[in-house]
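Chemist: Structure in structure tokens, see below.
We did not get these values from a lab; they are worked out from the coordinates using the rules stated. All values reported here derive from a predicted model rather than from experimental measurement. Using ideal geometry, Cβ is built from the backbone for each residue, glycine included, and neighbour counts are taken over all protein chains shown.
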Amino acid sequence: MKHTPLHDLHVSLGARMTDFAGYAMPVYYSSITEEHHAVRQRAGVFDVSHMGEFVVRGPGALSLLERITTNQISRLNIGDVQYTCMVNEQGGVLDDLLVYRLQEQSYMMVVNAANIEKDWNWVVTHNTEGAELKNISEQAGLLAVQGPLALQILQPLTQTDLSQIAYYKFARTVFGGVRNVLVSRTGYTGAGGFEIYFENIHAESLWNQIMHSGRSLGLRPAGLGARDTLRQEVCFRLYGNDMDETTTPLEAGLGWLIYWNKEFIGRDALLQQKQQGVRRRLAGFVMEEKGIPRSGYELTDEQGNPIGRVTSGCHSPTLQQGIGMGYVPTAQAAEGSAIRVLIRGQQVAARIRRMPFLTPQT
């Protein structure tokens, strides 16, 4: 397994480690529930240095990115971040990702760890514009500080006014004494907060400074377990679970990531699906009886007929009930529809609910 620059630190903190996308990553340090509540109520810091980063530069950078992603890259100003996705010729999702506009002709793609090699090969193969490409995934470190107290914790570490960084914007700054740090305001927990990109040799220093700054405010290290329950409460999709190359953005409820007034790989297939209407949709549901839906569990109608499978599911620490997402026929995806989740051979009652279950904070 690969290690992030903070691997030894996680082990020293007693983290429960697991293999995630080929990286040894912390699942939790104390407990998933404690870390979940810490992020919702105060703040938590996540090591997400396993994510992939590609720099795309030069006169052909914009046209390449426009052609391989579904959203409108040309609308980005320097300092903007955009959520988008790449799809194949059939419209299946290759990955969901962020694009940062760094300079006039310079961009950074942030991709999922499990897809780094696949995505890199896709970008390189389709680079007919001659854009300059650089995979900096192994050199880049990334920490996410999430929660309502994130701003208060991070502000003492930089002279840049972090409150002026709007949602889906970023700033280059000196942070924790380190130059050329990129601080953005996106996040994957729905609790608000910041992401901090830096050269990975500074990882341990910045982690320690952040923890010291936040100790009196209840900042906790948080692992992948809490990251998963937090993102499910606000229905943020996880690639490989809630979407993959067999699902389209339209089916996944991400049609808003598609800018139709441009040519991009997969557009024709997606346009045809849009015109015909999707036959299935990713729907959110809540358990009406005791039970925790897990990924892969079968979903049925009230008569017990199979209609789909759970793609993501957990016990929500905030809502104190089981929640989940899964693909179901469009006719059965209406809010309020009664469904069943097959848990250990038992049909357990659930009901379709509008996503997200909690309103994301920015």
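Chemist: Taking the simple approach of a point 7 Å from Cα along Cα-to-Cβ for both Gln346 and His3, what is their distance in nm?
Modeler: 4.4 nm
Chemist: Give the span of the stretch 279-353's Cα atoms along each principal axis, as three whole-Å numbers ordered largest to smallest.
Modeler: Its Cα atoms span 32, 24, 19 Å along the three principal axes.
Chemist: Among DSSP bridges having both ends in the chain, what percentage is antiparallel? Round to the nearest 5.
Modeler: Here the antiparallel bridges make up roughly 95 percent for the chain.
Chemist: Once you order the gyration tensor axes a ≥ b ≥ c over the Cα atoms, which shape class does the stretch 101-175 get: rounded for a/c under 1.5, otherwise prolate or oblate by comparing a/b with b/c?
Modeler: It comes out prolate by the Cα gyration axes.
Chemist: In terms of Cα to Cα distance under 29 Å, which lysines are near enough to Lys2, apart from those fewer than 8 places away along the same chain?
Modeler: Lys118, Lys134
Chemist: Cut-off is 10 Å between beta-carbons; in what order do Met17, Met287 appear when sorted fewest neighbours first?
Modeler: Met17, Met287
Chemist: How far apart, in nm, are the 7 Å Cα→Cβ label points at Thr18 and Asn77?
Modeler: Simple spin-label model gives 4.2 nm for this pair.
Chemist: Could you calculate the contour length gain from Val174 to Thr128, that is, 0.36 nm times the residue separation minus the distance between their Cα atoms, to one decimal place in nm?
Modeler: Length gained between Val174 and Thr128: 12.9 nm.
Chemist: Does the chain come out rounded, prolate or oblate, given a ≥ b ≥ c as the square roots of the eigenvalues of its C-alpha gyration tensor, rounded meaning a/c under 1.5 and, failing that, prolate meaning a/b above b/c? Walk me through the intermediate numbers first.
Modeler: Working: a/c = 1.91, a/b = 1.15, b/c = 1.66.
Here the chain falls in the oblate category.
Chemist: If we count other beta carbons within 10 Å of each Cβ, what is the order of Thr125, Thr330, fewest first?
Modeler: Ascending Cβ contact count within 10 Å gives the list Thr125, Thr330.
Chemist: Amide H of Gln72: which non-local residues (sequence gap of 5 or more, or other chain) have their own amide H closer than 5 Å, using H built in the peptide plane?
Modeler: Amide H to amide H, under 5 Å and 5 or more residues apart or across chains, Gln72 pairs with Tyr259.
Chemist: Percent relative contact order of the stretch 279-353, based on C-alpha pairs within less than 8 angstrom and at least six residues apart?
Modeler: Across the stretch 279-353, relative contact order equals 40 percent.
Chemist: Follow-up question, since we're still on this one. Per 0.36 nm of contour for each residue apart, how much would the distance between Gln159 and Glu34 grow if the chain were fully extended, relative to their Cα-Cα spacing?
Modeler: This chain segment gains 41.8 nm when fully extended.
Chemist: While we're looking at this one, here's another question. How large is the charge dipole for the stretch 1-144, taken about the Cα centre, if only the Cβ atoms of Lys, Arg (+1) and Asp, Glu (-1) carry charge, to the nearest 20 debye?
Modeler: With Lys and Arg at +1 and Asp and Glu at -1, about 220 debye.
Chemist: With n ≥ 4 as the cut-off for DSSP H runs, can you work out [θ] at 222 nm for the chain, using -39500 (n - 2.57) per run divided by the number of residues, rounded to the nearest 500?
Modeler: Taking each H run of at least 4 residues, the total per residue is -5500 deg cm²/dmol.
Chemist: Taking θ = phi - 60°, what integer Hz values does the Karplus form 6.51 cos²θ - 1.76 cosθ + 1.60 yield along the stretch 163-174, in sequence order, with x for Gly and Pro?
Modeler: Calculated HN-Hα couplings, in order: 5, 8, 7, 6, 4, 6, 10, 8, 9, 8, 7, 8 Hz.
Chemist: Same structure again: What shape does the stretch 52-135 take by its C-alpha gyration tensor, where a ≥ b ≥ c are the square roots of the eigenvalues and a/c under 1.5 counts as rounded, a/b above b/c as prolate, and the rest as oblate? Write down the numbers at each step before the final one.
Modeler: Values: a/c = 1.40, a/b = 1.30, b/c = 1.08.
Rounded, because the longest to shortest axis ratio a/c is under 1.5.
Chemist: Give the Kirkwood hydrodynamic radius (Å, one decimal) of the stretch 93-139, defined as one over the mean of 1/r across all pairs of different Cα atoms.
Modeler: In the stretch 93-139 this quantity evaluates to 11.6 Å.
Chemist: Over the chain, what is the relative contact order in whole percent, taking alpha-carbon pairs under 8 Å and six or more residues apart? Write out the running numbers ahead of the final one.
Modeler: Details: 828 pairs, mean separation 66.2, N = 362.
Dividing the mean separation by the residue count of the chain yields 18 percent.
Chemist: Starting with the fewest neighbours, write out Thr33, Thr246 ranked by other beta-carbon atoms found within 10 Å of each beta-carbon.
Modeler: Details: Thr33 14, Thr246 10.
Listing Thr33, Thr246 from fewest to most nearby Cβ atoms yields Thr246, Thr33.
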